[in-house]
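Okay, so here's the structure we're looking at.
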Amino acid sequence: MSGTNADTETEASVSTQSTWRDFLDEIRYNPLTLAGTLIVAFLFAVAIVGPVLTPYDPTSQDLANGLQPPSLAHPFGTDQLGRDMLTRIVYGARFSLGIAIAVTSIRVVLGTTVGLVAGYVGGWVDEFLMRLVDIQLAFPGLILALVIAGVLGPSLRNVMIALAIVGWATYARVVRGNVLSVKERDYVAASRLLGTPPRRITKRHLLPNAINPVIVLATLNLGTVVLATAGLSFLGLGAQPPTPEWGTMLASGRNHLRDAWWIVNIPGVAIMLTVLGFNLLGDGLRDTLDPKQQSRLEEI
Amino acid sequence: MSYVLYRLATAVVVLFGVSLVTFGFVHATPGDPAETILIEQTGQQPSSEAVEEFREAEGMNDPVHHQYVDWVTGAVHGDLGQSYFSDAEVSSLILDDLYNTLELAVASILVALVIAVPTGIASAIHQGQPIDVTSQIGALIGVSMPNFWLGYLLIIVFALNLNMFPVAGSGGLEHLILPAIALGTGMAAIVTRLVRTSMLEVIDQEYIDTARSKGLKERIVVYKHALRNALIPVVTVVGLQLGFVLNGAVVIEIVFQRPGLGNLLVDAIFARNYPVVQGVVLVAAVTFVVSNLLVDLSYRYLDPRIKLGESQQ
């Protein structure tokens, strides 16, 4: 798995400008990447400006208008407490995107640091850190996150902590592989012999080389985190009612499958679209930034 | 042989770590579990003597490392302790539910293979054509769909509207089909992509050209020569998916109110029934580690070109 990036060093020197141009080409020629980019842009727009546009409050109840099917006044219908579903979906986008970004950032920082240290220092430190990675990957992730979130107590903050703890190992593996592949290169060895401090070597040579696969992995990961957050909230371990979180909303429709199909299906579509958007964008970024990694990330 | 030993040794190290982590998380809980549990059991605030008595009886007053050693020693002998809320042995609670979960896991892997292998082959043979594009888009949607939502969709359509299957419960094939589809579809999406990629790689190989130039029928070339080799990586991924299946089974069991380890675990988490939580997580992790180990070893057996000992580099 690791060490497959034998000659990506040239990519590291590619300027940001041409990377950007490559990505624009990718959007132009690959309709799936275009679709992914548009979906993600749309979701961010909804999360940022959406709440201003909806006339309703996401949590105020209106029992007289409960379980209304989609109509002009309520395009997505209302839930059992008469709350406007569209408003709740729009507010929910803030939670989903915010949590996905926060959790993925922590994973990236944690995993990259571990990977850099393991790859650069080597020896028993490497051995120890990689066994930690093995242990982390030996747990079915959602089950571990479930236990951590359950033990800490149900809340969105604890779901974020749990998901961050559970998902950093893949980054550590990828970064370590990249570090190992450049560490022994002549120019890095020369730089080291010249007395360049490790911090500078890391910054100049090791990090730039690892950054592209990390960006790709992180984009795909945003989708996974959205799914996991919704799953944990669905089980009752994440957001608590009346928070307009998509997984919680979906779970609340359990008793209305027959008479109010929109309560489970609209949050379901929202989750699926978000994950699909990040997946398409991630695949497109992989084609641009990390073309050699064709199928490696697919199973993660 | 040395590779096998190396893999076994790392599996043992990993299992040791797994047990430590499982135990550690539960014991790092904020608040006194004894008090919470007694409130749950009796419905009122327990006296401090009652709490102390409970702690003593459950061994919670022993030094933490003693508790860990006791737990691991027990676990190795198949004794995972007792549930806080009944006299039931954790191991027998797990055994009771294990069958249901394994049944669901196996059925969903079957669903995944039945969908993925033909679709992946058709995709590869007709690369770039409508059937390939459709199956690839289908796969993208499949991986992006939350399985609990798919579960509800299946219930709405096939159980509530068409009355073909029961909504919830367990026992018999009719209770198994919808949960297995809900759980197997996401995996099918991943496996379809893999079968396609793998078939495309194999079809490019010289021995396939040779087989064709011998005048063998295309069907024989595809099914006998190409497919056999293309399926090797599929074995690995399907094996690795066991962890994915266990993750998903938790949620799917809740959706279909199906008895199993997932339901057991979620109930135990909310009740703070820690011996059960520890036991289920340990069993899940051991299943995962052992299946990875078996996959890794069988992969090498299936494809002798893979040199032993290469993968730990």
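Computed quantities for the displayed model
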{"quantity": "Filter result for A:Phe128 (of a type outside the set (D, E, K, R), within 21 Å of the chain's Cα centre (by Cα) and within 14 Å of chain B (Cβ to nearest Cβ))", "calculated": "no"}
{"quantity": "Those residues of region B:233-260 which are in contact with a Phe, Trp or Tyr (Cβ under 6 Å, 6 or more places away or on another chain) and either at the interface with chain A (Cβ under 8 Å from one of its Cβ atoms) or of a type in the set (D, E, K, R) (or both), in sequence order", "calculated": "B:Gly243, B:Val251"}
{"quantity": "Considering residues of region A:19-74 that are aromatic (Phe, Trp, Tyr) and touching a helix residue (DSSP H, G or I) at 6+ places or on another chain (Cβ under 7 Å) only, the residue farthest from A:Ile211 (Cα to Cα)", "calculated": "A:Tyr56"}
{"quantity": "Top-ranked residue of region A:106-120 - restricted to ones that are hydrophobic (A, V, I, L, M, F, W, C) and out of contact with any Leu (no Cβ under 9 Å at 6 or more places or on another chain), ranked as most open to solvent (accessible area, probe 1.4 Å)", "calculated": "A:Val109"}
{"quantity": "Number of the exception - A:Phe76 against (1) touching a residue at least 60 places away in the same chain (Cβ under 8 Å); (2) surrounded by fewer than 20 Cβ atoms within 10 Å (Cβ to Cβ)", "calculated": "(2)"}
{"quantity": "First in region B:1-27 and farther than 16 Å from A:Val151 by Cα and within 8 Å of chain A (Cβ to nearest Cβ), second anywhere and of a type in the set (Phe, Trp, Tyr) and open to solvent by less than 30 Å² (accessible area, probe 1.4 Å), Cβ under 8 Å, 6 or more apart", "calculated": "B:Val18/A:Phe139"}
{"quantity": "Qualifying position, being under 28 Å from A:Gly236 (Cα atoms) and either in contact (Cβ under 8 Å) with a residue 40 or more places away in the chain or small (Gly, Ala, Ser) (or both), among B:Leu200, B:Leu240, B:Leu160", "calculated": "B:Leu240"}
{"quantity": "Matching residues in region A:1-28 - criterion: being more than 14 Å from chain B (Cβ to nearest Cβ), open to solvent by 50 Å² or more (accessible area, probe 1.4 Å) and either touching a Lys or Arg at 6+ places or on another chain (Cβ under 8 Å) or modelled with pLDDT of 70 or more (or both)", "calculated": "A:Glu9, A:Gln17, A:Trp20, A:Arg21, A:Asp22, A:Leu24, A:Asp25, A:Arg28"}
{"quantity": "Selected residue [closer than 18 Å to B:Gly24 by Cβ, part of a helix (DSSP H, G or I), open to solvent by 50 Å² or more (accessible area, probe 1.4 Å) and modelled with pLDDT of 85 or more] from A:Ile165, A:Ile143", "calculated": "A:Ile165"}
{"quantity": "Meets criteria (on the phi < 0 side of the Ramachandran plot and not in a helix (DSSP H, G or I)) for A:Thr196", "calculated": "yes"}
{"quantity": "Residues of region A:195-238 that turn out to be away from every other protein chain (no Cβ under 12 Å) and over 20 Å from the mean Cα position of the chain (by Cα), as a count", "calculated": "15"}
{"quantity": "Flag for A:Val103 being over 30 Å from A:Val179 (Cβ atoms) and open to solvent by less than 20 Å² (accessible area, probe 1.4 Å)", "calculated": "no"}
{"quantity": "Filter pass, B:Phe16 being under 34 Å from the mean Cα position of the chain (by Cα) and closer than 20 Å to B:Ile269 by Cβ", "calculated": "no"}
{"quantity": "Flag if A:Gly253 is facing chain B (nearest Cβ under 8 Å), over 13 Å from A:Arg88 (Cα atoms), surrounded by fewer than 20 Cβ atoms within 10 Å (Cβ to Cβ) and touching a residue at least 12 places away in the same chain (Cβ under 8 Å)", "calculated": "no"}
{"quantity": "Residue count, region A:148-162 (criterion: aliphatic (A, V, I, L, M) and either more than 23 Å from A:Ser105 (Cβ to Cβ) or not in a helix (DSSP H, G or I) (or both))", "calculated": "1"}
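Residues checked against (1) under 30 Å from A:Ala118 (Cα atoms); (2) without any contact (Cβ under 8 Å) to a residue 12 or more places away in the chain; (3) of a type in the set (Asp, Glu):
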position: A:Ile211; (1), (2), (3): yes, no, no
position: A:Thr219; (1), (2), (3): yes, no, no
position: A:Val226; (1), (2), (3): yes, no, no
position: A:Ser233; (1), (2), (3): no, no, no
position: A:Pro267; (1), (2), (3): no, no, no
position: A:Met272; (1), (2), (3): no, yes, no
position: A:Asp283; (1), (2), (3): yes, no, yes
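The values are calculated or read from the model by the stated rules, or taken from the named source; none is laboratory data. Just so we're clear, the structure is a prediction, and the values are computed from it rather than from any experiment. Cβ atoms come from the backbone with ideal geometry, glycine included; neighbour counts cover every protein chain shown. Each accessible area value is taken on the protein alone, full model and side chains, heavy atoms only, with ligands, DNA and RNA left out. Shrake-Rupley method; radii C 1.70, N 1.55, O 1.52, S 1.80 Å.
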